[in-house]
1. Confirm whether Ala82 is within 20 Å of His40 (Cα to Cα), buried (at least 16 other Cβ atoms within 10 Å of the Cβ), of a type outside the set (Phe, Trp, Tyr) and over 14 Å from the mean Cα position of the chain (by Cα).
2. Is there a residue in region 84-91 that is farther than 25 Å from Ser2 by Cα, of a type outside the set (Lys, Arg), assigned to a helix (DSSP H, G or I) and in contact (Cβ under 8 Å) with a residue 24 or more places away in the chain?
3. Does any residue of region 128-140 turn out to be within 22 Å of Met37 (Cα to Cα), modelled with pLDDT under 95, out of contact with any Leu (no Cβ under 7 Å at 6 or more places or on another chain) and not charged (D, E, K, R)?
4. Criterion first (surrounded by 15 or more Cβ atoms within 10 Å (Cβ to Cβ), among the β-branched types (Val, Ile, Thr) and over 21 Å from Val24 (Cα atoms)) does Ile159 satisfy it?
5. Can you name the residue in region 1-44 that is of a type in the set (Phe, Trp, Tyr) and at pLDDT below 95 and, of all such residues, is nearest to Val171 (Cα to Cα)?
6. Restricting the first residue to region 45-56 and requiring it to be farther than 15 Å from Pro72 by Cα, which pairs with a second residue that is of a type in the set (Phe, Trp, Tyr) and assigned to a helix (DSSP H, G or I) meet a Cβ separation below 8 Å and a spacing of at least six or different chains?
7. Just to verify a result, which residue in region 196-210, among those that are buried (at least 17 other Cβ atoms within 10 Å of the Cβ) and farther than 17 Å from Glu25 by Cβ, is nearest to the chain's Cα centre (by Cα)?
Amino acid sequence: MSVILSPSLLSADFANLGHDIRLVEEAGADWLHIDVMDGHFVPNITIGVPVVKSIRKITNLVLDVHLMIENPADFVLPFAKAGADLITFHYEAAENPEEVISFIHKAGLKAGISIKPKTPPESIFPYLNDVDLVLVMTVEPGFGGQSFIHECASKIPLIKENAPDDLIIQVDGGINNVTSKICTSLGANSLVAGSYIFGSGDVEAACRSLLH
């Protein structure tokens with residue numbers, strides 16, 4: 001499976017979002033990673049349903065919506081209706097992960113489950129056959145521009161060993177042209193990068209450096 005590049009709009013220029021989306025489209029991005037934060041599960045507030053709906057109107061890229069929120073089951077349908085293609089929720093935020101996965105699939109979307117840096121990968125082993133994607137956070141969720149936590153990368157091969165062959169293993173946090181190679185060498189096949197891409201001054205070169 002080739003590497004899926006999902007630039008994180010958290011680091012884009014929100015006053016020129018359409019422009020920045022076009023830049024990553026032209027640079028070869030496969031997906032757009034949209035971080036949804038509620039100020040409770042993580043100490044920040046970001047994009048909501050109306051913005052996702054607006055983004056959907058201007059791009060055909062897969063909208064990879066990452067819910068960093070409490071009560072994720074309550075927001076599956078609103079984001080599905082807004083145009084999400086894939087919804088990832090946090091294992092730590094869900095009382096009943098099976099229920100959230102079921103809601104996402106019933107809405108016709110792909111389902112992802114994410115774990116924070118201190119959550120052991122074994123916590124999500126029971127769900128690996130039911131989800132389409134696992135997101136390994138290599139920074140504490142909540143803010144962009146943080147440094148890659150190397151110990152978190154060791155979760156990737158453990159997940160890969162216990163997962164179906166077609167599972168997408170995505171990594172998010174401190175991804176650049178060096179850490180991306182560490183993650184893909186361990187078995188990751190989807191990369192989320194924000195500040196490295198949008199803060200680079202050359203979006204196309206930054207994207208290319210992650211894919212080669």
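1. No, not satisfied.
2. yes
3. Looking for residues that are within 22 Å of Met37 (Cα to Cα), modelled with pLDDT under 95, out of contact with any Leu (no Cβ under 7 Å at 6 or more places or on another chain) and not charged (D, E, K, R), one finds at least one in region 128-140, hence yes.
4. Spelling it out, Ile159 is indeed surrounded by 15 or more Cβ atoms within 10 Å (Cβ to Cβ), among the β-branched types (Val, Ile, Thr) and over 21 Å from Val24 (Cα atoms).
5. Looking at residues that are of a type in the set (Phe, Trp, Tyr) and at pLDDT below 95, I get Phe41.
6. The qualifying pairs are Val52/Phe79.
7. Here the residue is Tyr196.
The values are calculated or read from the model by the stated rules, or taken from the named source; none is laboratory data. All values reported here derive from a predicted model rather than from experimental measurement. Heads up, the Cβs are rebuilt from the backbone with ideal geometry, glycines too, and the neighbour counts pull from every protein chain shown.
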